[in-house]
1. Based on the Cβ-Cβ distance from residue 236 to residue 201, what FRET efficiency comes out when R0 is 25 Å, to the nearest 0.05?
2. What distance in nm separates the two pseudo spin-label positions at residue 146 and residue 80, each 7 Å out from Cα along the beta-carbon direction?
3. Compute the length gained on full extension between residue 163 and residue 139: take 0.36 nm times their separation in residues and subtract their Cα-Cα distance, giving the result in nm to one decimal.
4. Students often check this: by mean Cβ neighbours within 10 Å, which of 161-167, 147-153, 225-231, 207-213 ranks highest, and how do the rest follow?
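All of the numbers you see were taken from the coordinates with simple rules; none came from a lab. Just so it is clear, the structure is predicted and the values come from calculations on it, not from any experiment. Glycine also receives a Cβ, built like all others from the backbone with ideal geometry; neighbour counts cover every protein chain displayed.
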């Protein structure tokens with residue numbers, strides 16, 4: 001009787017072990033399917049869906065298209081252009097001032113230059129005699145350190161301006177009339193921008209020294225300032241064209 005029980009117990013243990021292995025195999029199969037099913041499903045979907053077949057993968061650093069497609073972006077570009085024009089006008093104006101300095105030549109009065117040095121805050125800068133004396137003296141040569149500074153400022157902003165003007169284009173969503181108006185202003189801006197580039201090149205040549213021609217330097221800087229203000233007027237009209245419906 002005891003020997004019969006001893007034969008049965010090992011058999012039960014073997015059965016239990018078999019059931020345990022069976023359950024473990026089932027769980028392993030479920031985990032395997034859960035891990036690889038999504039990728040297999042995605043691959044099958046990509047193979048069967050024609051809309052996904054030719055799509056290029058998305059890249060974050062992909063170069064954006066050159067054409068501006070909305071009015072908001074174009075308005076931001078026109079705003080940046082306005083800031084560049086202000087800086088260029090300022091640099092050109094400072095260049096004009098540098099080559100238009102006159103030595104003082106007092107008229108029927110004591111030497112006001114000495115008075116300016118000794119008491120710079122004690123005289124009236126709007127005194128007619130003072131202003132007349134400062135205008136009648138001969139032109140002073142430009143100071144190299146400040147002329148170089150102003151001309152370099154002009155050249156740097158001109159380079160920025162070239163890029164900003166060339167990047168402008170009418171948004172595709174504009175009406176035909178608004179788009180035509182924008183193109184007219186853009187054409188005028190491009191023409192004035194070309195004049196600025198030419199005058200800037202002349203200015204750099206004239207500012208090399210050691211001998212300076214005040215009149216020619218002043219004219220080149222004044223031409224830049226004139227064309228800059230032309231672009232500013234065109235910029236304002238182009239911004240208005242963007243609001244047309």
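1. For R0 = 25 Å, the calculated efficiency reads 0.35.
2. Those two pseudo-labels are separated by 3.3 nm.
3. The span from residue 163 to residue 139 would gain 5.0 nm if fully extended.
4. Order by mean packing, descending: 225-231, 147-153, 161-167, 207-213.
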